[in-house]
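The values are calculated or read from the model by the stated rules, or taken from the named source; none is laboratory data. Keep in mind that this is a model prediction, so the values were computed, not measured. Heads up, the Cβs are rebuilt from the backbone with ideal geometry, glycines too, and the neighbour counts pull from every protein chain shown.
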Amino acid sequence: MNPMMYTTKEHNTGSSSIPRSVEDSSPSREGDERIGQSDPEVLPKKKRRYYTTKYKLRILEQVEQLTEQGQVGALLRKEGLYYSTISRWRKQREQGAFQGLSGKRGPKESKNKQEQKRIQELERVNARLKKQLQKAETIIDFQKKISEILEFPDSGNKS
């Protein structure tokens, strides 16, 4: 028989019709200490590494300062990086991708929002100036009344 072509019946060594995987996991088997434990060969998934802009720029600067053969490789091994990562960071730096990362995160403000902020600021300034004008008019009216009471001649009225 061809070893590449076999059926499930030929491969199953048990006499029962229960599939082998279910048969192996049954708690009735004695002496098997692996039951209930996780498979030691399954490794946990590594966390994805994220690099800050400051870190990327620092590493790129260090790589550019190294001149002797083997120094770049030693730095990459020490930092746990690949040369392709350095190449990608260089391209990002040339395209100016690192310059935009220093600002706020989130959606960019639209021109309409910027105009709304400017309008609000101008309205605040306008309200403040109106209050100052009202105070100045009150002071002028008060000065006119005092002038009338004390009978000072009006400086603008020459008779």
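Within region 80-137, restricting attention to residues that are at pLDDT 90 or above and either touching a His at 6+ places or on another chain (Cβ under 6 Å) or not in a helix (DSSP H, G or I) (or both), which residue is surrounded by the most Cβ atoms within 10 Å (Cβ to Cβ)? That would be Leu81. Looking only at residues of region 58-79 that are exposed (fewer than 15 other Cβ atoms within 10 Å of the Cβ) and of a type in the set (A, V, I, L, M, F, W, C), we find that the one that is farthest from Gln99 (Cα to Cα) is Ala74. Suppose we filter region 54-75 for residues that are outside any helix (DSSP H, G or I) and either in contact with a helix residue (DSSP H, G or I) (Cβ under 8 Å, 6 or more places away or on another chain) or closer than 17 Å to Glu94 by Cα (or both); how many remain? Matching residues across region 54-75 total 1.
The combined condition, being in a helix (DSSP H, G or I), modelled with pLDDT of 75 or more and either surrounded by fewer than 10 Cβ atoms within 10 Å (Cβ to Cβ) or of a type in the set (Lys, Arg) (or both), is not fulfilled by Lys47.
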